[in-house]
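All of the numbers you see were taken from the coordinates with simple rules; none came from a lab. As the structure is a prediction and not an experimental result, all values here were calculated from the model. When we count neighbours, we look across all protein chains shown, and the Cβ atoms used for this are built from the backbone with ideal geometry, even at glycine.
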Amino acid sequence: RKEVEQDPGPFNVPEGATVAFNCTYSNSASQSFFWYRQDCRKEPKLLMSVYSSGNEDGRFTAQLNRASQYISLLIRDSKLSDSATYLCVVRGMDSNYQLIWGAGTKLIIKP
Amino acid sequence: DAGVTQSPTHLIKTRGQHVTLRCSPISGHKSVSWYQQVLGQGPQFIFQYYEKEERGRGNFPDRFSARQFPNYSSELNVNALLLGDSALYLCASSLGSGAPRSQYFGPGTRLTVL
């Protein structure tokens, strides 16, 4: 089992719709969680951190469910510019606390 | 302020050759991490350096090595290149005291091994 798993998609969603995707992680002791966005052939960019109480940044909402070991990302009123791959990242609990990355979920917003 | 910079942006090598990739972190950042991203996958951690010392190493063969310089820039070296080394190599910097909370990436070096 991979340490961080995501549905690869693609998710094809009409502009203006709401879309959500989940990410599961295997290490229950993981402490920090992030969503990164990666455009085609570009570097990943931090979208938002995920806090235990859930957090919102404009149209984006992130939730953490420790009991079920998953995090989610909800995008409301989707825009064409939201088309990208969304990467789930977990900070590991090994001695180096390295970031462990999912393979990403591809989102395509259609006009 | 400039972000993370990497050079070169693209590189084509043949099997068996050696390659050196370079990274300059964001000003004030002392930690540099290297990742390999194969098409369709998430980044895979290779190395982390903080204050010129190796703080972490991923599951990569000894053909991969790195170092960090006094100005916190870093080099990633790969010897005896294999076709499977073809990937986007990403450098990320963080303020980090060895435990990166979040990282900021450079544009990457796209390596093609023929």
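Of the residues making up segment A:24-41, those that are out of contact with any Leu (no Cβ under 8 Å at 6 or more places or on another chain) and part of a strand (DSSP E or B) are A:THR24, A:TYR25, A:SER32.
A residue that is among the hydrophobic types (A, V, I, L, M, F, W, C), loosely packed, with under 13 Cβ neighbours inside 10 Å and in contact with a Lys or Arg (Cβ under 9 Å, 6 or more places away or on another chain) cannot be found anywhere in segment B:94-101. With respect to being loosely packed, with under 14 Cβ neighbours inside 10 Å and away from chain B (no Cβ under 14 Å), A:ASP77 fits the description. Restricted to segment B:13-114, the set of strands (runs of 3 or more DSSP E) holding at least 1 residues that are basic (Lys, Arg) and within 12 Å of chain A (Cβ to nearest Cβ) comprises B:53-57, B:109-113. Of all residues in segment A:40-68, count the ones that are of a type in the set (Lys, Arg) and over 23 Å from B:ALA87 (Cβ atoms). Going through segment A:40-68 one residue at a time, the tally reaches 2. Kindly evaluate A:THR85 against the criterion of being polar (S, T, N, Q), within 14 Å of chain B (Cβ to nearest Cβ) and assigned to a strand (DSSP E or B). So A:THR85 passes the test. For segment A:42-82, a residue qualifies if it is charged (D, E, K, R) and outside any helix (DSSP H, G or I), and the qualifying residues are A:LYS42, A:GLU43, A:LYS45, A:GLU56, A:ASP57, A:ARG59, A:ARG66, A:ARG76, A:ASP77, A:LYS79.
Against the numbered list (1) surrounded by 14 or more Cβ atoms within 10 Å (Cβ to Cβ); (2) closer than 19 Å to B:GLN103 by Cα; (3) basic (Lys, Arg), A:ARG41 comes up short only at (1).
A single entry from A:THR105, A:THR61, A:THR24 fulfils the requirement of being within 11 Å of another protein chain (Cβ to nearest Cβ) and not hydrophobic (A, V, I, L, M, F, W, C): A:THR105.
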